[in-house]
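Data block below; observations after.
Every read-out reported here was derived from the displayed coordinates using simple, explicitly stated rules and does not represent laboratory data. Predicted model, so just to flag it, every value in this text is computed and none were measured. Positions of Cβ are generated from backbone atoms using ideal geometry, with glycine treated the same way; all protein chains shown enter the neighbour counts.
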Amino acid sequence: MCLPRRAPHDSADQSPGQQSREAPPGVGRRRPLVLRVLVGLSVITLGLAFWQWQQDRQLLAQQSRPALPPVAAPAPEFRLMSPDGMPMNLSDLRGKVVLLNFWATWCPPCRAEMPELNALYRRYGNEKDFVVVGVDLQERPEEVASFARQNGITFPLLVDHDGRVTGQGYRIRTLPASVIVDREGRIRDSWSGPLLREAMLARLEKVW
C-alpha cells in the first residue's frame with residue numbers, strides 16, 4: 001500500500017512554532033501611506049502656525065504706530081462721577097500718564113478689551129505713574145459697578161450720564177475708543193477699536 005504524496009510545504013510536517021505567518025494582503029503597503037499622510041499633516045500644521053505668527057506680528061506692528069501727526073492738543077477737562085458717586089476731574093490726574101478708554105457694557109469689543117487694560121494698569125500703574133480711566137457711555141451706575149465686580153476691574157471707572165464728554169468733548173463716534181493724555185494734560189495719541197495689549201504698551205512707551 002502506498003501513502004498519498006504530501007506537498008513539500010504541507011503544514012502537517014511543521015511544528016506549531018514553525019508554521020509560516022503571512023501578513024494580510026495590503027498591510028505592508030498601507031504603512032508608508034499612513035506615514036506620508038501624517039508627515040503631510042504636520043507640514044500643513046506648521047505652515048499654518050507660521051502664517052498666523054506672521055499675521056499677528058503684522059497686526060501688532062500696525063497697531064503699535066501712534067496716530068499721525070501727533071495730536072498734542074490740550075485734553076478737554078471734565079468732571080464725572082464714579083458708579084459709587086465719587087467725583088473725578090481729569091485735572092486731578094495731572095502729572096500722570098492717563099489712558100482714557102471710552103466703553104460700555106453692551107459693547108462686546110469693549111468687554112473683551114477690559115482684561116487687557118486691567119493687566120496694563122496692574123503691571124505699570126505704580127512703576128510708570130500711569131492710570132487707566134474707563135469712561136462708560138450713559139449706563140446706570142449699578143450696571144457699571146456690577147461689571148467691575150464680576151470682572152475684577154481695578155482701575156477707576158466713570159459714568160458719562162449725558163454723553164457730552166464722550167460725544168462733544170472727545171468727539172468719540174464708535175466704541176471702544178482710547179486717548180492717551182500725557183503728564184502735562186495734552187493728547188498724545190488716540191485710536192478707535194480694540195488693540196492688542198502689546199500694541200497699547202508700545203504706544204504708551206512713546207509717552208512715558
Query raised in the report: How far apart, in nm, are two points set 7 Å out from the Cα along the Cα-to-Cβ line at Asp84 and at Val43?
Result: 6.2
Query raised in the report: Stretch Glu205-Arg94 to full length: gain in nm at 0.36 nm per residue minus the Cα-Cα span?
Result: 38.2 nm
Requested in this report: Taking the Cβ of each residue in Thr166, Thr45, Thr105 as the centre, tally the other Cβ atoms inside 10 Å and list the residues starting with the fewest.
Outcome: Thr45, Thr105, Thr166
Query raised in the report: If you take the beta carbon distance between Arg36 and Ala112 as r and set R0 to 45 Å, what does 1/(1 + (r/R0)^6) give as a FRET efficiency, to the nearest 0.05?
Result: 0.60
Query - Per-residue ³J(HN,Hα) for region 129-137, Karplus 6.51 cos²θ - 1.76 cosθ + 1.60, θ = phi - 60°, Hz, x for Gly and Pro - result: 6, 10, 9, 9, 10, x, 10, 7, 9
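Using Cβ counts within 10 Å as a stand-in for footprinting exposure, how do Val132, Val97 rank, fewest first?
Val97, Val132
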Requested in this report: Please identify which residues in region 87-116 have an amide N closer than 18 Å to a label point set 7 Å out from the Cα of Ala145, following the Cα→Cβ vector.
Outcome: 87-88, 105
